[in-house]
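Worksheet: the structure to be examined is printed underneath.
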Amino acid sequence: MSPLETALANPDPSLRLNAALRAGMNPSLGDLEILLRQCAVEPDFQVREMLTWALIRLPADRVVPRVVEELARAEPQARRQALHTLSKFKDPTAWSAVAGRLDDEDQGVVRTAWYSAVALAPESERDWLAGKLAASLGHGDAETQLSLSRALVALGEDVIASVLAFAAEHGDAAVRQHVNATERLQQDPDSGFATSIRSARREVALGRTRSTKG
């Protein structure tokens with residue numbers, strides 16, 4: 001085992017963090033496979049973030065195609081971390097591969113794909129992406145709904161206004177609540193999403209959303 005592999009195998013996360021930091025400070029393509037293998041199994045969030053930083057310190061033309069290959073791995077964490085890393089590279093050549101993970105079987109991968117797709121979508125695909133994301137409005141738990149709302153807001157009001165209007169007009173109560181909460185988040189990014197959801201439920205229950213105003 002190389003010194004980097006030995007350090008990343010240490011049970012102490014602080015030592016693994018330092019190892020990933022050193023790898024990023026002294027970038028070497030020889031560490032690429034070691035870093036990718038660790039991404040798939042690393043349990044600590046901070047260490048995973050440092051692994052991503054170490055990867056983006058390497059030449060994009062050599063690393064991005066290899067990270068794209070990780071999207072086909074069986075382990076959901078490998079796919080999630082690959083998507084996260086690709087969102088940092090912002091290399092447009094990865095767009096189609098990232099878009100293909102918007103229908104991943106693992107919901108955690110899908111949530112990460114939302115953010116990665118927003119970061120990478122070419123101008124010509126942003127309307128399509130807004131519609132794709134809007135199709136999931138009203139589904140999932142509060143955390144999932146917040147993730148989707150943040151991704152939609154990141155696309156920009158000019159892109160999402162029409163799809164939110166359509167969803168509010170044609171969706172059920174859960175969809176209208178989510179649309180309302182997303183618009184509140186857009187207007188006030190610092191507002192609590194849970195509060196927005198509760199307010200949206202009251203609005204829908206009282207028939208105050210635009211879809212019920214005629």
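The values are calculated or read from the model by the stated rules, or taken from the named source; none is laboratory data. Because the structure is predicted, anything quoted here is derived from the model rather than measured. No Cβ is skipped: glycine too gets one built from the backbone with ideal geometry, and neighbour counts run over all protein chains shown. Note: accessible area is taken over every heavy atom of the protein model, side chains too, but ligands, DNA and RNA are not part of it. Shrake-Rupley method; radii C 1.70, N 1.55, O 1.52, S 1.80 Å.
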Task: Output for the range 69-88, where each listed residue is open to solvent by 40 Å² or more (accessible area, probe 1.4 Å) and aliphatic (A, V, I, L, M) - done: ALA72, ALA74
TODO: Out of the residues in the range 89-116 that are surrounded by fewer than 17 Cβ atoms within 10 Å (Cβ to Cβ) and in a helix (DSSP H, G or I), state the one that is nearest to the chain's Cα centre (by Cα).
DONE: GLY108
Task: Number of positions in the range 41-57 that are of a type in the set (A, V, I, L, M, F, W, C) and open to solvent by 10 Å² or more (accessible area, probe 1.4 Å) - done: 5
Task: Checklist (1) open to solvent by 20 Å² or more (accessible area, probe 1.4 Å); (2) more than 15 Å from GLN107 (Cα to Cα); (3) touching a Leu at 6+ places or on another chain (Cβ under 6 Å) applied to LEU152, failing item - done: (1)
- [ ] Report, ordered by the first and then the second residue, all pairs with beta carbons closer than 8 Å, sequence separation of six or more or different chains, a first member in the range 102-113 that is of a type in the set (Asp, Glu), and a second member that is open to solvent by less than 20 Å² (accessible area, probe 1.4 Å).
- [x] ASP103/VAL110; ASP104/ARG79; ASP104/VAL110; ASP104/ALA113; ASP106/ARG79
Task: Which numbered condition ARG73 misses (of (1) part of a helix (DSSP H, G or I); (2) closer than 23 Å to GLN46 by Cα) - done: (1)
Open item on the list: I need a count of the residues in the range 130-169 that are in a helix (DSSP H, G or I) and either in contact (Cβ under 8 Å) with a residue 40 or more places away in the chain or of a type in the set (A, V, I, L, M, F, W, C) (or both).
Closed with: 23
Open item on the list: Exactly one condition in (1) under 13 Å from ALA181 (Cα atoms); (2) out of contact with any Lys or Arg (no Cβ under 6 Å at 6 or more places or on another chain); (3) small (Gly, Ala, Ser) is false for SER147; which is it?
Closed with: (2)
Open item on the list: For the list (1) farther than 23 Å from ALA117 by Cβ; (2) of a type outside the set (Phe, Trp, Tyr); (3) more than 19 Å from the chain's Cα centre (by Cα), I need the number of the one condition that MET50 fails.
Closed with: (3)
